[in-house]
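The values are calculated or read from the model by the stated rules, or taken from the named source; none is laboratory data. None of these values were measured; they are calculated from a predicted model. Using ideal geometry, Cβ is built from the backbone for each residue, glycine included, and neighbour counts are taken over all protein chains shown.
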Amino acid sequence: MNPQRAGEVFWSLPNLAMVTQGKWLRRPSNPTTQIRGLSIDTRTLQPGQAYLALKGENHDGHAFLQQAIDAGASLLIVDNTSDVSHLEDFVSSDAIASPADEIAPSEPFTPQPHSFSVGADSDQPQIKQPESDSSVLYQFPSFAVEESDSPKNHGHHIGILIVENTLLALQELARAWRDVLCDCNNKIIAVAGSNGKTSTRHLIHTLMHGRMVSLDRSPANTGEVTPPKHNTPAVDEERPDLWRLHQLVGTQSPKSFNNHIGVPLTLLAALPEHDFTVVEVGTNHPGEVDVLGRLIEPDAIVLTSIGREHLEFFGNLNGVAKEEASLLAHLKPGGVIVLEREAAKRIAPYASPPRNHHRITYGGGSVGDQTSDASLHIERFVQYADGMSFDVMLPGQKLLGPINVPLIGYHNAVNLLAAIAVAKWMGVDDIQLNLGFLAITPTPGRLEPRVFEETLTTVIHDAYNANPDSLRAALDVLEGLATGGDEGYEVVGAIHSSDDLDDGNTLLSGAGSYASGVKTSVKQPCTVVLGDMLELGEHEAAEHDAAAARVGDMLQRGVLTVAVFVGPRMCEAAAGLKEEAGLRHKVHLYPEWPKNPGVAVVARGIAAGQTILLKGSNAMRLGNLMVEFERNFE
């Protein structure tokens with residue numbers, strides 16, 4: 001299928017009406033108008049795009065229809081339960097169609113690409129396309145704005161399509177567009193799991209985007225998995241003796257767009273002429289992954305971990321495992337599943353992938369038989385204050401390394417294993433992988449180190465999200481830095497403690513620590529700022545108590561110099577630490593954060609010249625401290 005033609009057909013007015021099962025409230029004056037993408041936010045809407053009005057709990061996109069018209073929208077997609085009477089100023093009575101007026105497409109439906117801007121006039125996630133990544137934007141042919149389409153007259157020419165439910169319409173558009181991507185050989189890679197989704201998704205895109213793959217030989221890939229076919233390569237016809245090379249190009253979910261709105265928007269941003277799209281899949285209620293899986297129908301699935309996420313709704317780890325495993329049923333036949341070693345064991349009772357699929361496993365250290373069933377595992381690991389170095393054992397006892405990347409945390413090395421597995425599946429060889437390693441940067445808000453050289457201060461921003469497992473991993477990182485310092489510390493395999501086991505003495509997915517390489521003398525003073533963990537349900541008190549106890553132990557051993565707790569849950573759990581000998585002046589409690597005290601007050605109480613960890617759920621807004629730290633530490 002020709003990608004350009006596919007896009008023109010998909011974004012034609014008859015096809016959009018058919019896919020959404022909409023009816024014309026007002027037909028556009030020019031029935032051949034070519035829509036140039038989709039927006040759910042009038043603040044970022046570009047002329048020529050369709051505006052789809054979503055309803056949220058606190059805001060309704062239908063209240064911004066006039067703004068969409070003023071911004072140059074070519075089409076309004078509205079909900080049939082919404083009041084659009086305020087549009088009657090520019091919708092003449094003879095232009096309004098009967099609700100029963102069916103749309104008759106002029107040609108068969110064949111989906112396709114676009115440029116799009118998304119954010120939220122309703123309570124939906126916001127997307128801003130990164131200006132530096134031209135791969136995210138589909139460029140339509142330039143067009144001249146006729147005089148009749150000027151802002152003064154534009155409202156009298158715009159089409160209004162009414163649908164049963166605008167959210168369902170968005171999802172149906174995404175589902176249809178996914179079929180176009182499939183026909184054009186764009187491989188959809190879904191990344192799911194309790195922890196590490198965003199970092200792994202980012203790493204996969206970084207390792208593959210821009211890398212060269214050969215089409216004339218079978219690259220050494222992970223396991224016995226045949227790399228997929230890629231789109232048209234660049235061929236040097238004058239040198240047929242040269243291998244044909246093709247540069248991989250792809251897109252990924254912006255930020256953490258991983259829910260019932262973000263996933264459709266991610267798919268609609270994907271381009272059919274590209275080789276891959278990395279889609280992050282999240283959940284906080286049972287059944288959500290299954291719904292998203294039906295939309296995505298991925299060619300590859302990465303499952304990073306099974307951990308204690310959203311226990312308020314899933315109840316226990318088995319509930320989490322069942323939810324995450326539901327994605328596998330939607331894998332395309334012949335696809336590949338990349339599983340973290342322990343997650344693979346967790347989901348086994350619930351997984352039902354198609355019979356014809358490939359399986360790759362990956363894991364942490366190489367102690368005993370812990371990785372005997374892992375296709376890839378870490379052989380050596382050294383952590384520094386601002387990066388790490390490690391080796392990876394590939395199938396066939398092939399060693400890849402040393403890999404040096406500016407990431408911190410053993411679990412990030414494990415996340416990188418998943419990215420390596422996917423890149424190998426796509427045909428990326430070791431030389432191109434090394435170029436990908438050079439392009440890796442920390443994921444914002446996920447163990448993201450910020451070094452203030454003037455004041456010898458390092459802030460580790462890990463406050464985008466928090467659950468018991470990710471909190472433990474962050475404290476492991478801090479403990480390693482405190483005891484190992486700039487000299488680095490080595491981890492020879494993952495050594496597990498009783499904290500890594502569930503009630504049945506089964507290892508938690510992704511569990512691991514730095515215990516084997518920790519030294520006893522403090523090399524670097526450290527402070528931790530901990531905020532509440534949300535959506536833990538009946539486990540809330542116990543998990544916050546466990547976190548406070550861990551921090552108290554680190555204070556007593558001198559690993560931490562100061563601990564700051566913010567939010568009612570954390571402060572209640574940590575209140576007893578104030579009574580322990582020697583800790584009264586090392587523990588600070590702010591249950592009414594951020595109202596009392598303010599962000600600036602808390603920031604001023606944290607000294608420079610140390611390593612500071614920020615960890616808490618995104619709703620706690622600990623990231624606001626970064627602005628104050630930039631003022632205080634630079």
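Residue pairs whose Cβ atoms lie under 8 Å apart, sitting 6 or more positions apart in sequence or on different chains, and linking a residue in the range 164-189 that is touching a residue at least 40 places away in the same chain (Cβ under 8 Å) and outside any helix (DSSP H, G or I) to a partner that is surrounded by fewer than 19 Cβ atoms within 10 Å (Cβ to Cβ) and among the hydrophobic types (A, V, I, L, M, F, W, C), are C184/M1; I188/C182.
Of the listed requirements (1) in a strand (DSSP E or B); (2) modelled with pLDDT of 95 or more, H246 misses just one: (2). Of all the numbered requirements in (1) outside any helix (DSSP H, G or I); (2) of a type outside the set (D, E, K, R); (3) more than 17 Å from the chain's Cα centre (by Cα); (4) surrounded by 23 or more Cβ atoms within 10 Å (Cβ to Cβ), I306 misses one, and that requirement is (3). Just one of (1) buried (at least 16 other Cβ atoms within 10 Å of the Cβ); (2) outside any loop (DSSP other than H, G, I, E, B); (3) among the charged types (D, E, K, R) fails for R446. It is (2).
Give the residues of the range 254-270 that are part of a helix (DSSP H, G or I) and in contact with a Pro (Cβ under 6 Å, 6 or more places away or on another chain), sorted by residue number. Matches in the range 254-270: G262 only.
Taking the residues in the range 596-608 that are assigned to a loop (DSSP other than H, G, I, E, B) and farther than 21 Å from L447 by Cβ as candidates, determine which candidate is nearest to the chain's Cα centre (by Cα). Reasoning before the result, please.
First pass over the range 596-608, keeping only residues assigned to a loop (DSSP other than H, G, I, E, B): 597-598, 605-608.
Right, trim to farther than 21 Å from L447 by Cβ and you get 597-598, 605, 607.
Details: P597: 32, G598: 30, G605: 33, A607: 33 Å.
Selected residue: G598.
Scanning the range 36-48 for residues that are part of a loop (DSSP other than H, G, I, E, B) and under 17 Å from T266 (Cβ atoms) yields G37, I40, D41, T44. All of (1) under 17 Å from K197 (Cβ atoms); (2) touching a strand residue (DSSP E or B) at 6+ places or on another chain (Cβ under 9 Å); (3) among the basic types (K, R) hold for K332 with one exception: (1). Scanning the range 575-599 for residues that are surrounded by 14 or more Cβ atoms within 10 Å (Cβ to Cβ) and of a type in the set (A, V, I, L, M, F, W, C), we see that the one that is nearest to N465 (Cα to Cα) is W593.
It is to be established whether one or more residues within the range 359-371 are at positive phi, in contact (Cβ under 8 Å) with a residue 60 or more places away in the chain and in contact with a strand residue (DSSP E or B) (Cβ under 9 Å, 6 or more places away or on another chain). There is no residue in the range 359-371 that is at positive phi, in contact (Cβ under 8 Å) with a residue 60 or more places away in the chain and in contact with a strand residue (DSSP E or B) (Cβ under 9 Å, 6 or more places away or on another chain). Pick from the range 533-557 the residues that are out of contact with any Asp or Glu (no Cβ under 8 Å at 6 or more places or on another chain) and not in a helix (DSSP H, G or I): which of them is surrounded by the most Cβ atoms within 10 Å (Cβ to Cβ)? My answer is L534.
Given the structure, is G409 at pLDDT below 90, buried (at least 21 other Cβ atoms within 10 Å of the Cβ) and at positive phi? Step through it out loud before you land on a result.
Working: at pLDDT below 90: yes; buried (at least 21 other Cβ atoms within 10 Å of the Cβ): yes; at positive phi: yes.
Answer is yes for this residue.
Among the residues of the range 523-532, is any among the polar types (S, T, N, Q) and not in a helix (DSSP H, G or I)? Within the range 523-532 (the criterion being among the polar types (S, T, N, Q) and not in a helix (DSSP H, G or I)), the answer is yes, since at least one residue qualifies. Only one of the listed residues (S74, S82, S12) is small (G, A, S), buried (at least 23 other Cβ atoms within 10 Å of the Cβ) and in the same structural domain as I160 (by TED's automatic domain parsing). That residue is S74.
Got a number for residues in the range 384-398 being modelled with pLDDT of 85 or more and in contact with a strand residue (DSSP E or B) (Cβ under 7 Å, 6 or more places away or on another chain)? Even if it seems obvious, please write down each step before you answer.
Here is the first cut: in the range 384-398, the ones modelled with pLDDT of 85 or more are 387-395, 398.
Checking which are in contact with a strand residue (DSSP E or B) (Cβ under 7 Å, 6 or more places away or on another chain) leaves us with 387-394.
Number satisfying all stated conditions: 8.
In the set (1) surrounded by 24 or more Cβ atoms within 10 Å (Cβ to Cβ); (2) aliphatic (A, V, I, L, M); (3) in contact with a Pro (Cβ under 7 Å, 6 or more places away or on another chain); (4) farther than 19 Å from V19 by Cβ, V278 fails one condition alone, (3). For the range 433-481, the set of residues classified as without any contact (Cβ under 8 Å) to a residue 40 or more places away in the chain, out of contact with any strand residue (DSSP E or B) (no Cβ under 6 Å at 6 or more places or on another chain) and either among the small types (G, A, S) or closer than 23 Å to G307 by Cβ (or both) consists of P444 only.
Could you please let me know if A423 is out of contact with any strand residue (DSSP E or B) (no Cβ under 9 Å at 6 or more places or on another chain) and crowded, with 23+ Cβ neighbours inside 10 Å? Spelling it out, A423 is indeed out of contact with any strand residue (DSSP E or B) (no Cβ under 9 Å at 6 or more places or on another chain) and crowded, with 23+ Cβ neighbours inside 10 Å. For beta carbons closer than 6 Å, sequence separation of 6+ or different chains, a first residue in the range 38-65 that is in the same structural domain as L267 (by TED's automatic domain parsing) and within 20 Å of I162 (Cβ to Cβ) and a second that is at pLDDT 90 or above and buried (at least 22 other Cβ atoms within 10 Å of the Cβ), there are no qualifying pairs. The single condition among (1) free of Cβ contacts under 8 Å to residues at least 60 places away in the same chain; (2) assigned to a loop (DSSP other than H, G, I, E, B); (3) out of contact with any Ser or Thr (no Cβ under 7 Å at 6 or more places or on another chain) that A321 does not meet is (2).
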